[in-house]
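Each remark here refers to the structure printed beneath this line.
The values are calculated or read from the model by the stated rules, or taken from the named source; none is laboratory data. These numbers were taken from a predicted model, which means no experiment stands behind them. Counting neighbours? That spans all protein chains shown, and the Cβs are built from the backbone with ideal geometry, glycine included. Quick note on the areas: whole protein, heavy atoms, side chains included, nothing else; ligands and nucleic acids left out. Shrake-Rupley method; radii C 1.70, N 1.55, O 1.52, S 1.80 Å.
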Amino acid sequence: MELQGILPAIRDMKEFEKLLASDYEYVIFLETRLSQLVSLMKYAKRENKKVFVHADLIQGLKTDDAGVEFLIRNLKPDGIISTRGNVISLAKKHRILAVQRLFALDSHALENNIKIINKVKPDYIEVLPGLIPKVIGEIFERTSIPVIAGGLIRTNEDVESAYQGGAKAVTTSRAELWDIKN
């Protein structure tokens with residue numbers, strides 16, 4: 001599975017119906033309740049969407065081994081996003097696309113995250129904020145893992161800047177940016 005272009009992220013359920021009716025192949029669930037996630041995934045799968053779940057942001061889901069195994073075995077997402085190495089390792093073990101979320105807060109955080117990433121080898125790295133093209137390029141250069149830009153992406157120019165920095169895809173919960181074609 002190759003991720004590219006805009007990857008719509010759902011925070012607001014009002015946008016969910018719009019996304020279901022769209023041509024987008026992927027949907028990313030952020031900040032929802034575990035009890036809602038079951039039916040949301042069912043609807044998304046019915047519309048042939050590939051579903052990614054940000055495990056760290058699902059209310060009621062503990063991101064220990066048991067919680068992640070529950071998510072994988074019972075909900076069967078196509079991909080899992082997390083800041084936690086154990087979650088990424090379990091996703092890879094179960095052959096689920098694994099996206100390691102990295103917060104580029106400062107040089108120290110970047111160094112620590114790159115060490116973890118080089119150890120767990122996620123399929124993709126999501127860099128937040130996605131407004132730092134130079135850092136996107138550096139992370140790809142140091143890990144050889146495709147980068148997704150996310151966080152604080154507010155305009156078409158932000159999307160273009162992320163691509164110019166080397167991002168393969170851009171995640172955004174701003175529905176007005178979902179129609180951008182790369």
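Would you pull out the residues with amide H under 5 Å of residue 54's amide H, same chain only if 5 or more places away, H placed 1.01 Å from N?
Long-range HN contacts for residue 54: 29, 81.
Would you mind checking which residues have amide H under 5 Å from residue 7's amide H? H placed 1.01 Å from N; only 5 or more apart, or other chain.
Amide H neighbours of residue 7, under 5 Å, 5+ apart: 170, 171, 172.
Want the number for residue 121 to residue 156: 0.36 nm per residue separation, take away the alpha-carbon distance, what's left?
On the way: separation 35, 0.36 × 35 = 12.60 nm, distance 3.04 nm.
That pair, residue 121 and residue 156, stretches by 9.6 nm at full extension.
Relative contact order for the chain: what percent, with Cα pairs under 8 Å and sequence separation of 6 or more?
Numbers: 341 pairs, mean separation 37.0, N = 182.
Once divided by the residue count of the chain, the mean separation gives 20 percent.
Counting only DSSP beta bridges with both residues in region 5-177, what percent are antiparallel, rounded to the nearest 5?
Bridges in region 5-177 that DSSP calls antiparallel: roughly 0 percent.
For residue 93, which lysines qualify as cross-link partners when the Cα separation must be under 27 Å and same-chain residues fewer than eight apart are set aside?
42, 45, 49, 50, 62, 76, 115, 119, 121, 168
Among rounded, prolate and oblate, which fits the chain when a ≥ b ≥ c are the square roots of the eigenvalues of its C-alpha gyration tensor, a/c under 1.5 means rounded, and a/b larger than b/c means prolate?
On the way: a/c = 1.86, a/b = 1.13, b/c = 1.65.
Taking the square roots of the gyration eigenvalues as a ≥ b ≥ c, the chain is oblate.
For the chain, with all protein chains present and a 1.4 Å probe, just round the carbon and sulfur fraction of the accessible area to a whole percent. Before the final figure, lay out the partial values.
On the way: 4390 of 9250 Å².
The C+S portion of the solvent-accessible surface of the chain is 47 percent.
Just to confirm, what accessible area per residue do you get for region 25-182 at 1.4 Å probe, in whole Å²? The partial results should precede the final answer.
Values: 7810 Å² over 158 residues.
Per-residue value: 49 Å².
Which GluC sites (Glu not before Pro) does region 1-57 hold that lie in a coil by DSSP with at most 16 other beta carbons within 10 Å? The partial results should precede the final answer.
Details: sites: 2, 15, 17, 25, 31, 47; in loops: 2, 25, 31, 47.
Answer by residue number: 2, 25, 31, 47.
Sorted by packing (mean other beta-carbon atoms within 10 Å per residue), highest first, where do 59-68, 142-151 land? Don't skip to the answer; put the middle values down first.
On the way: 59-68: 14.8, 142-151: 20.1.
The densest-packed peptide leads the list: 142-151, 59-68.
Counting only residues 5 or more places away or on other chains, whose amide H sits under 5 Å from the amide H of residue 126 once H atoms are built in the peptide plane?
100, 101, 102, 148
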